[in-house]
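The next block holds one structure in the form of structure tokens; read it before the comments.
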Amino acid sequence: MILPYDQGLKTNARKLRGDMTDAEQKLWQGLRRKQINGWQFYLQKPLGPYIVDFYCAAASLVVELDGSQHFELEHQAADQRRDAYLQSLGLRVWRFDNRKVLLEMDAVLEVIRRIPPNPPFSKGGDTPNAATSIPPFEKGGLGGIHPNNTDNGKEPT
């Protein structure tokens with residue numbers, strides 16, 4: 001299924017691909033060329049009125065990297081609206097803070113690797129449940145991998 005997007009965002013997405021943050025560059029090196037579960041990831045992908053950092057259709061997954069500004073209430077509210085929209089498209093939204101990506105890349109890639117793929121088809125009226133979005137990271141805890149990064153309340157296996 002092709003997801004809707006604002007055609008006007010294509011130019012901005014191209015620009016963002018050329019101006020990646022250090023954390024985006026590092027994660028992209030681990031996601032590109034189908035290195036994770038054979039899945040194709042897209043970088044700076046327009047979806048609806050947004051441009052997401054990383055998108056994987058095979059897993060119905062959006063991966064967002066959050067800098068320190070995402071701790072601010074204003075950004076948290078915007079992130080919640082954005083995540084709700086993406087979830088309404090049937091996507092799972094997982095957030096990692098930049099620091100975690102830069103310092104513990106192997107752990108971030110392992111979390112992504114354990115995400116279950118989408119079932120290829122679903123019968124009847126049931127639709128796959130998208131994971132609940134996670135709020136921007138709190139200090140402490142798992143160091144940037146938020147404990148709510150789950151699918152229907154279960155840790156990825």
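The values are calculated or read from the model by the stated rules, or taken from the named source; none is laboratory data. Not measured: the values here are computed from a predicted model. Counting neighbours? That spans all protein chains shown, and the Cβs are built from the backbone with ideal geometry, glycine included.
Restricting to region 7-25, give me the number of residues that are in contact (Cβ under 8 Å) with a residue 60 or more places away in the chain, surrounded by 12 or more Cβ atoms within 10 Å (Cβ to Cβ) and more than 15 Å from the chain's Cα centre (by Cα).
1
Would you say residue 126 is modelled with pLDDT under 90 and out of contact with any Lys or Arg (no Cβ under 6 Å at 6 or more places or on another chain)?
Answer is yes for this residue.
Quick one: which residue in 84, 107, 58 is over 23 Å from residue 17 (Cα atoms), touching a residue at least 40 places away in the same chain (Cβ under 8 Å) and over 10 Å from the mean Cα position of the chain (by Cα)?
84
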